[in-house]
Amino acid sequence: MPDLEPLDLLLERLRAAAEETRLRLLVLCADSELTVSDLTVILGQSQPRVSRHLKVLCDAGLLERFREGSWAFFRLSQRGRGATLARGLVERLSLQDPQIQLDLERLHTVKHARSESAARYFDENAADWDRIRILHVAENEVEAAVLAHLGPGPFKDILDIGTGTGRLLDVLAARTERAIGLDLSREMLALARANLDRAGHKNCSVRQGDLYGLPFGADSFDAVTIHQVLHFLEDPGRAIAEAARVLRPGGRLIIVDFAPHDLEELRDRHAHRRLGFPQIDVDAWCEAAGLEPQESQVLPGKPLTVILWSAQRLVLAPNPSSAAELPR
C-alpha cells in the first residue's frame, strides 16, 4: 500500500519546495552534506537568505539538519514521507539545466577544497598511524574478516562507531542502503567526508557524536561496528551497552581490537588506555548488554594480535546498565 499523507501536509511540503533556490538546495543536499557557508558560496547568495530557505525545507521534512560542534550540516532527508518526496523532486530535475550545472560545478570546487584540507591533516598525522599499522596484521585482512562475520546482507542501516577516516564505511557501502559513521573529532570527520566524496558513496554519511550517548533512537540499525576504538576508552562496557541499545533485535555488533599486549609505547605516545582485551571481558560486556557472543576470530600479528568479536542482539535483552558492574 502506498505511503499516503493528508492533503494539507502534502501541500505544505510542495509549497516549501516550490521556489527556485529551494529546488537548487535539494539537488545540492542530495549530493553531499553541506554547511550554510558551503551553500552560500555555491549559490552566490547571502547567508541569512540561504538560512531562511534551509529552515523552510527542514520544517517541511525535505532536508535534515544536524550539528557538529559549532557547525550545522544539511542533507536530503533520509527517512519518512518528506524524504520520499524530496528524492522524487530531485530525480525529476534535469542535471543538464544550466543553473544546476553551474551549482554542481561550484559544489565540485567546494568538495575539492575540503579534500585538500583533509589530505593536509592526513599527511600531518599519517606517520603515527603508520607506526601502529606495521605492528599488526594487514588492514585488508581485518576488513575481509569484518565482512565475513557481518554476512552478505543487504542491510538497511549500519553504524560505524569511531569511524576515523571512514575507511570501514567505504568497505561496507555496497552491502547496505545507508551507513553512518560517528566520531568525536571534527578533523577526522572532515577527512572521512573527503574520502567518501572521492569514493562517490552517496549512501554513506558521518556525524559528530559521543559513543556513550549515541544520537540515535533504540532499534535503529541492523549492524554496528566498533573498529579499533575500545582501547581508547575509560569504560568499554558502557560503550558496548550503548551500541546494543541502537541495534535492532537480531542485529549484529562487530568489535575489532587488540588482544592483551605489553607495548607501553601505545599508552604513552598514542593515548591507548587499555593494552588489549581478554576474550572473557568482551564476552561479559556483550552478555550484560543483551547480546549473545558468537565465535570470535583471532588474526595473529607481530607483536600485536587483532581479535574480531561478533555478537547478536537478543530479542529480549537484559538491562544494559549492569555493564557498569563488569570488568573496567
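I need the calculated FRET efficiency for the pair His112 and Asp235, taking r as the beta carbon distance and R₀ as 45 Å, to the nearest 0.05.
Given R0 = 45 Å and the Cβ-Cβ separation, E is 0.65.
So if each residue of separation counts as 0.36 nm, and I subtract the Cα-Cα distance between Gln78 and Arg186, what length gain in nm does that give?
Length gained, Gln78 through Arg186: 36.7 nm.
If you average the alpha carbon positions of segment 243-278 and of segment 141-163, how far apart do those two centres end up, in angstrom?
First find each Cα centre; the distance between them is then 16 Å.
What does DSSP give for the chain in terms of the percent of beta bridges that are antiparallel, rounded to the nearest 5? Can you show the working numbers first?
Numbers: 22 of 43 bridges.
Of all bridge pairs located within the chain, approximately 50 percent are antiparallel.
Need one word for segment 170-304: rounded, prolate or oblate. Basis is the Cα gyration tensor (sqrt eigenvalues a ≥ b ≥ c); a/c below 1.5 gives rounded, then a/b vs b/c decides. Intermediate values should be presented prior to the final figure.
On the way: a/c = 1.66, a/b = 1.21, b/c = 1.37.
Verdict is oblate for segment 170-304.
At Ala174 and Gln297, where each label point lies 7 Å from the Cα along Cα→Cβ, what is the point-to-point distance in nanometres?
Taking the two extended label points, one gets 1.6 nm.
For segment 261-306, list log₁₀ I(q)/I(0) at each q in 0.16, 0.18 Å⁻¹, using the Debye formula over Cα point scatterers of equal strength and ignoring solvent, two decimals each.
Normalising to I(0) and taking log10 leaves -0.57, -0.69.
Just how far, in whole angstrom, is segment 219-236 from segment 60-105 if you go by their alpha carbon centroids?
The distance from the Cα centre of segment 60-105 to that of segment 219-236 comes to 30 Å.
Across the chain, what fraction of all alpha-carbon pairs, as a whole percent, falls in each successive 20 Å bin from zero upward?
29, 53, 17, 0
If each of Arg15 and Ser94 carries a label point 7 Å out from its Cα toward its Cβ, how far apart are those two points in nm?
3.0
Taking +1 at the Cβ of each Lys and Arg and -1 at the Cβ of each Asp and Glu, which of Phe155, Ser37, Trp285 sits farthest along the dipole of the chain towards its positive end, judged by Cα position relative to the Cα centre?
Result: Ser37.
May I ask you to sort Lys156, Lys111 by Cβ crowding, counting other Cβ atoms within 10 Å and putting the fewest first?
On the way: Lys156 13, Lys111 18.
Final ranking by Cβ density, sparse to dense: Lys156, Lys111.
Using a Förster distance of 41 Å, how high is the FRET efficiency between Ile280 and Trp71, based on the Cβ-Cβ distance and rounded to 0.05?
Computed FRET efficiency for Ile280 and Trp71: 0.45.
Mind running the shape call on segment 7-93? Use the C-alpha gyration tensor, a ≥ b ≥ c as the square roots of the eigenvalues: rounded below 1.5 for a/c, prolate if a/b tops b/c, oblate otherwise.
Prolate is the answer for segment 7-93, as a/c is 1.5 or above and a/b outweighs b/c.
None of the figures in this text is laboratory data; all of them are computed from the coordinates on show. Keep in mind it's a predicted model, so treat the numbers as computed, not measured. Every residue, glycine among them, receives a Cβ derived from its backbone with ideal geometry; neighbour counts consider all protein chains shown.
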